[in-house]
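The values are calculated or read from the model by the stated rules, or taken from the named source; none is laboratory data. As the structure is a computational prediction, the values presented were derived from the model and not from experiment. Here the Cβ is made from the backbone with ideal geometry for all residues, glycine too, and neighbour counts use every protein chain on show. Just the protein is used for accessible areas: all its heavy atoms, side chains included, with ligands, DNA and RNA removed. Shrake-Rupley method; radii C 1.70, N 1.55, O 1.52, S 1.80 Å.
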Amino acid sequence: MKIVDRIVELVKETSSSLPEDVEGALRRALRRETKGTPASVVLGTILDNCRLARKAGTPLCQDTGTLTFFVSGSLRRRVTPDAIRTAVARATSLGYLRRNCIDSVTGRSYDDNCAVGAPVIRYVDIPEPTVTLVMKGGGSENMSRQYSLPDSAIGAGRDMAGVRKCLLDAVLRTQGYGCAPGILGVCIGGDRATGYEVAKEQLLRPLDEKSSAMEKKILDEANSLGIGPMGLGGRTTLLGVKIASRPRVPASFFVTVAYMCWACRRRSMRI
Amino acid sequence: MTKLEYPFDERRIRALKAGDAVSITGIVHTGRDRFHKHFADGGKIAVDFRDGALYHCGPVIVREGGEWRVKAAGPTTSVRENPYEPAFIASSGVRVIIGKGGMDDATLAAMKKYGCIYVQAVGGAAAVSAAAVKRVAGVDFLDEFGAAEACWHLEVADFRGIVAMDTHGRSLFADVARSSAECAERLLKA
């Protein structure tokens, strides 16, 4: 199969099928809720939805999101920006993607989802010859945020206790608006730009890998808040917390939270 | 599960309570950011919303064999329409607003006054929502607003959701926001 065809297939798979670790976490969440509650109804619908979308090969969420391709640097010559854009345009015409790309100044729609900077393509320094696609919807992206410590509004100082306050504040302020149950990708430190970049990269990590003590603590505390699926109350507010850190300059201390919705669409393929 | 059919009867709408599951059948019209801005700017809306339903939704719809086919039709975040919705409820006579995430106190007050509920559809559940759409009956503002923002007229059957804001002034979102904030305060003090 040609590279373009394979990328079209990757877009279709990513758009219509959740990764098994995410769907597994949703199934476990459903088992924790009491039958007949809004939380249980919502999780049941989400899982029905995942089955339907996978079977039909249609988008599991209509906000097919910002497309970010992480391409191994070793594939730079084969998986070119041109090939990726051709594939994205075709995937759009086939209905795997919504026409979802708007010129920020004129308000015009780029009907093939291709423009300068869209889709996002990043050649990364990994040895495996893989292409990974992440699709992140706008409702969840709007809930991502960055704190600069000390933050007197929430009483967060420049230490790990302050970081914890930021993360709980982020969960509390997000409520169900980012399509809970969600996943937090976190970067402690870095500058503003790398903070968001690294926080988002954490969303690539599978939910079933081993968690650090801090990740586990934040996950448990967030889930004790009772916000629940779609913010209607319940036991599962987050499916996972993934934290990384980067060095900072003495003057700055950023805590950056990338919020991902339950429709955490990510998929890799080997070329 | 309470079954609701278009045209939606005010008394039945007023009998519903936050937390009730509902199944909606009949016609619903999509309208989101540009639709609301158009309304607020005094623009004309051809559709009669009286006893009808407004759906905060930007669907994926493609043209196949001369017909519109709905590929995905889940809800979009409703808070962005807060500035416009009380006036829209007052002037349109809409009975059901479907979306995600809920709306503000001013909208809740308008719902109470004019007899309108807010139904939370499951955010992101586009395939389930699309399966509930039986036919695309028409579309307005397709050229002006684009496909994701146009006002689509969708015939739905057994479209499911949860009443999250009722006509009695209760909002599940407000309840959860309050209790979760109290819970977080206890956690941070401990």
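For the reader, a short list of remarks on this structure follows.
- Coupling constants for segment A:79-95 follow from the phi torsions by the Karplus curve (6.51 cos²θ - 1.76 cosθ + 1.60, θ = phi - 60°), and in residue order they are 9, 7, x, 4, 4, 5, 5, 4, 5, 5, 4, 5, 4, 5, 5, 8, x Hz; glycine and proline get x.
- Long-range HN-HN contacts of residue B:55 with modeled amide H, under 5 Å: B:29, B:30, B:31, B:98
- Straight-line cross-link reach from residue A:2 at under 14 Å between alpha-carbon atoms covers these aspartates and glutamates, not counting any fewer than eight positions away in the same chain: A:82.
- Taking the Cα centre of chain A as origin and assigning +1 to Lys and Arg Cβ atoms and -1 to Asp and Glu Cβ atoms, the resulting dipole is close to 340 debye.
- Checking Cβ-Cβ separations below 4.7 Å across chain A identifies A:50, A:61, A:101, A:114, A:166, A:187, A:264 as cysteines lacking any candidate disulfide partner.
- Most mobile of B:53, B:157, B:177 in a GNM of chain B (Cα contacts under 10 Å): B:177
- Placing R0 at 41 angstrom, the Cβ-Cβ distance between residue A:93 and residue B:105 gives a FRET efficiency of 0.40 after rounding to 0.05.
- Sites residue A:77 and residue A:213, calculated FRET efficiency, Cβ-Cβ separation with R0 45 Å, nearest 0.05: 0.55
- Chain A, helix-only ellipticity at 222 nm - DSSP H runs n ≥ 4, -39,500 (n - 2.57), divided by all residues, nearest 500: -11500 deg cm²/dmol
- GNM on chain A, alpha-carbon springs under 10 angstrom: the most fluctuating residue among A:152, A:16, A:93 is A:152.
- Applying a threshold of 24 Å to the alpha-carbon distances of A:200/B:189; A:12/B:71; A:12/A:136 flags A:200/B:189 as lying beyond it.
- Minimum 10 Å² accessible area buried by the other protein chains, segment B:38-60 residues, probe 1.4 Å, relative to alone: B:58, B:60
- In chain B, the longest principal axis of the Cα atoms and the axis of helix B:105-114 are about 70 degrees apart.
- Estimated vicinal HN-Hα couplings, Hz - segment A:228-243 in sequence order (Karplus 6.51, -1.76, 1.60; Gly, Pro = x): x, x, 6, x, 9, x, x, 8, 10, 9, 10, 8, x, 10, 10, 10
- Chain B, helix-only ellipticity at 222 nm - DSSP H runs n ≥ 4, -39,500 (n - 2.57), divided by all residues, nearest 500: -9000 deg cm²/dmol
- With all protein chains in place and ligands, DNA and RNA left out, the 1.4 Å accessible area ranks B:153, B:168 as B:168, B:153, largest first.
- Rounded to 5, percent antiparallel among DSSP beta bridges of segment B:2-189: 65 percent
- Rounded to the nearest whole Hz, the Karplus-based 3J(HN,Hα) values (6.51 cos²θ - 1.76 cosθ + 1.60, θ = phi - 60°) of segment A:154-171 follow the sequence 10, x, 9, x, 8, 8, 5, 5, x, 4, 4, 4, 4, 5, 5, 4, 4, 5, with x at glycine and proline.
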